[in-house]
1. Considering only the other residues whose Cβ falls under 13 Å of the Cβ of SER50, what net charge follows from Lys and Arg at +1 and Asp and Glu at -1?
2. Between segment 11-26 and segment 48-85, what is the separation of their alpha carbon centroids in Å?
3. Could you compute the net charge surrounding LYS101? Neighbours are other residues with a C-beta less than 12 Å from the C-beta of LYS101; K and R count +1, D and E count -1.
4. Compute the signed sum of charges (Lys and Arg +1, Asp and Glu -1) over the other residues within less than 12 Å, Cβ to Cβ, of TYR81.
5. In nm, what is the difference between 0.36 nm times the number of residues separating SER105 and GLU59 and their Cα-Cα distance?
6. Using the Kirkwood radius built from alpha carbon pairs, what does the Stokes-Einstein equation give as D for segment 3-115 at 25 °C and 0.890 mPa s, in µm² per second?
7. Over the chain, what is the relative contact order in percent, taking alpha-carbon pairs closer than 8 angstrom and at least six residues apart?
8. As a test, work out the antiparallel percent of DSSP beta bridges whose residues both lie in the chain, rounded to the nearest 5.
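Every number here is computed from the coordinates shown, using simple stated rules; none is lab data. Owing to the predicted nature of the structure, the values given are computational and were not obtained by experimental measurement. Cβ placement follows ideal geometry from the backbone for every residue including glycine, while neighbour counts extend to all protein chains displayed.
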Amino acid sequence: MQAELLKFGRIEVEGVTYDHDVVIDGGTVRKRKKGPSKAHRARYGHTPLSIEEAIPWSESDRRLVVGTGVYGSLPIMDEVYREAERRGVEIVAVKTETACKLLASLPAENIHAILHVTC
């Protein structure tokens, strides 16, 4: 699957440009709905990735790629890591540009990712 961080705040996935964070669930792209995580913003200084979000857990691939932004600043709450461990899912948390390169080597149906497009 082709994904490219075009610039701060903009990403292209399979030829479609988005100006917001995206979630890829088995090749299907949707907007990241971070509203449930906003309650934790004051604690982190940034809206983190929390367990309250619709995380695309995979029972088959057992990997969740998290693009942590242009500068790698997206906080991932400890609860997310604990849930991943409970499910037997490895979290690969890297800057979004690196995450996009990683996705290029995977078949779309095996991609479960959250890509943050700013900080």
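1. Working: positive: ARG32, LYS33, LYS34, LYS38, ARG41, ARG43, ARG82; negative: GLU52, GLU53, ASP78, GLU79, GLU83.
In short, +2.
2. 16
3. Working: positive: LYS95; negative: GLU4, GLU97.
Once positives and negatives cancel, what remains is -1.
4. Values: positive: ARG82, ARG86, ARG87; negative: ASP78, GLU79, GLU83, GLU85, GLU90.
Overall, the nearby charge balance is -2.
5. Details: separation 46, 0.36 × 46 = 16.56 nm, distance 1.96 nm.
14.6 nm is the gain from fully extending SER105 to GLU59.
6. Working: Rh = 14.0 Å.
Answer from the Stokes-Einstein relation: 175 µm²/s.
7. Details: 259 pairs, mean separation 42.3, N = 119.
It rounds to 36 percent for the chain.
8. Details: 15 of 24 bridges.
Counting DSSP beta bridges with both partners in the chain, the antiparallel share is about 60 percent.
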